[in-house]
Amino acid sequence: MQLTSAAFQAGAEIPSYFTSDGDDVSPELSWKDAPQETKSFALIVHDPDAPRTGGFTHWVVYNIAPETAHVEENVPDAETIAGVGIQGKNDAGKIGYMGPAPPSGVHRYFFRLFALDTRLDLRPGATHKQVSAAMKGHILAQAELMGTYEKNSQRAA
């Protein structure tokens, strides 16, 4: 399975438009080559470099329909998004996408897509931990896209 974005290349810098320095909107994502038996997808965006135990989760989306292979830019911050799925809470406790906002230095942001053999029995607003626990034993395939970001104020310093 492959995960790509028109917004940034693997290993490259995420444009500031998609961060706290810009409009803080979610980037477009596309994927292909998912297993035929996929019943749903889950997407988790995580910063392992955040200065807190376990890093910081920026976006959680689950029960994405198996026929979906694309998420448009600027997904609204709503619990359920038609044609996308159900959104969980980021580590700021809010529903939806929260763009990169590293306090210092360059951070890595891992966009991970999971193909699952089931739909997750979770209400809207589930946390990264809850989604990860529900996915255990149900992951058919995984794809990853990593981008980096450093706050504009840090670059000028």
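The values are calculated or read from the model by the stated rules, or taken from the named source; none is laboratory data. Small disclaimer: the values here were computed from a predicted structure and weren't measured. So basically every Cβ, Gly included, is an ideal-geometry build from the backbone, and we count neighbours across all protein chains shown.
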Boolean, A65 is within 13 Å of the chain's Cα centre (by Cα), modelled with pLDDT of 95 or more and of a type in the set (G, A, S) | no
Criterion violated by K89 - all others in (1) within 26 Å of D21 (Cβ to Cβ); (2) surrounded by fewer than 16 Cβ atoms within 10 Å (Cβ to Cβ) satisfied | (2)
If we only count strands (runs of 3 or more DSSP E) wholly inside segment 1-57, which ones have 2 or more residues that are under 26 Å from Q130 (Cβ atoms) and touching a strand residue (DSSP E or B) at 6+ places or on another chain (Cβ under 9 Å)?
-> 29-32, 40-47
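Here is a list: V60, V106, V75. Which entry is touching a residue at least 24 places away in the same chain (Cβ under 8 Å), in contact with a helix residue (DSSP H, G or I) (Cβ under 7 Å, 6 or more places away or on another chain) and of a type in the set (A, V, I, L, M)? Quick ask: steps written out before the conclusion?
Working: V106 fails: in contact with a helix residue (DSSP H, G or I) (Cβ under 7 Å, 6 or more places away or on another chain); V75 fails: in contact with a helix residue (DSSP H, G or I) (Cβ under 7 Å, 6 or more places away or on another chain).
That would be V60, the only listed residue that is touching a residue at least 24 places away in the same chain (Cβ under 8 Å), in contact with a helix residue (DSSP H, G or I) (Cβ under 7 Å, 6 or more places away or on another chain) and of a type in the set (A, V, I, L, M).
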